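Okay, structure first, notes after.
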Amino acid sequence: MKRYILTGAPGAGKTIILRQLELDGFAVVEEAATDLIALAGANGVARHWEAPGFIDGILALQIDRQRRADAWPVEVVVYDRSPVCTLALARFLGRQPSAALSEEIERIGRGQTYENAVFFADGLGFITPTEARRITPNDALRFEDIHAETYRELGYDLIRVPRASAAARAAVVRQAIDRGCRRLGPNDSR
């Protein structure tokens, strides 16, 4: 099974790209943080990111979803974020990674769990606040930089998914997967 990661800053349009990929027939795995934040909000937790177990809760759900997806009878799965994103979030929040997060980063690197090519959705230039997205545009840019730096530091190659319509952005991902994630050159058609 090939596991591809779709990532980017909050508000970069990842979920819409994922929905289009799902409609195009790809198996997809939802973002864990958004679901945990929604649950925290429903339980009256206003500042979820300050909770001691917040980062490890995201990680645990990511691991659980990855293991469940491993049983799917498909060749390709696209993940909305990964444990590398959780490491980037910990760094953004100024937290040291827990032992569990460090161990998972080591495991996925050693086992090459995810494809080396990671789809990085460029920000859309604005942020639509939601229960899960309470970040300012400037912080989103800082988080985007930390995200990209974290992936590169761990040896992943970023394939940029530029601003465009959802269909056009999904096409960038689809074509790269079809080409085995060879980087698209300036003379390649999209």
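Give the order of Thr7, Thr150 when sorted by the count of other beta carbons within 10 angstrom, beginning with the fewest. With the sparsest Cβ surroundings first, the list reads Thr150, Thr7. Legend: calculated FRET efficiency, Leu124 to Asp157, from the Cβ-Cβ distance at R0 = 22 Å, rounded to 0.05, equals 0.45. Provide the net charge surrounding Leu6, with neighbours chosen by a C-beta distance below 10 Å and charges set as Lys +1, Arg +1, Asp -1, Glu -1. Summing Lys and Arg as +1 and Asp and Glu as -1 gives +1. When the chain is treated as a GNM with alpha-carbon contacts under 10 Å, the residue of Asn116, Asn138, Asn43 showing the greatest mean-square fluctuation is Asn43. In the chain, helical runs assigned H by DSSP with n ≥ 4 each contribute -39500 (n - 2.57); averaged across all residues and rounded to the nearest 500, the mean residue ellipticity at 222 nm is -15000 deg cm²/dmol.
The phi-based Karplus calculation (6.51 cos²θ - 1.76 cosθ + 1.60; θ = phi - 60°) puts the 3J(HN,Hα) values of the range 111-118 at x, 6, 4, 10, 4, 5, 7, 10 Hz, whole numbers, x for Gly and Pro. One chain, two ends: Ala51 and Gln112. Fully extended at 0.36 nm per residue, the span grows by 18.9 nm beyond their Cα-Cα distance. Axis of helix 32-42 versus longest Cα principal axis of the chain: the two differ by about 40°, to the nearest ten degrees. Dipole size of the chain about its Cα centre, with +1 on Lys/Arg Cβ and -1 on Asp/Glu Cβ: approximately 360 debye, rounded to the nearest 20.
Please determine, in degrees from 0 to 90 and to the nearest 10, the orientation of helix 54-69 with respect to the longest principal axis defined by the Cα atoms of the chain, where the helix direction is its Cα long axis. Long axis of 54-69 versus the principal axis of the chain: about 40 degrees.
Listed from fewest to most Cβ neighbours within 10 Å, the set Val74, Val172, Val84 follows the order Val74, Val172, Val84. Counting only alpha carbon atoms, the long axis of helix 83-92 and the longest principal axis of the chain meet at about 50°. When only alpha carbons of the chain are considered, Rg and Dmax amount to 15.9, 52 Å.
Placing +1 on the Cβ of every Lys and Arg and -1 on the Cβ of every Asp and Glu, with nothing else charged, gives the range 1-111 a dipole about its Cα centre of roughly 200 debye.
Taken together, the values in this text are just the output of simple stated rules run on the coordinates, not laboratory data. Predicted model only: the values in this text are computed from it and were never measured. Virtual Cβ from ideal backbone geometry, glycine too; neighbours counted across all protein chains shown.
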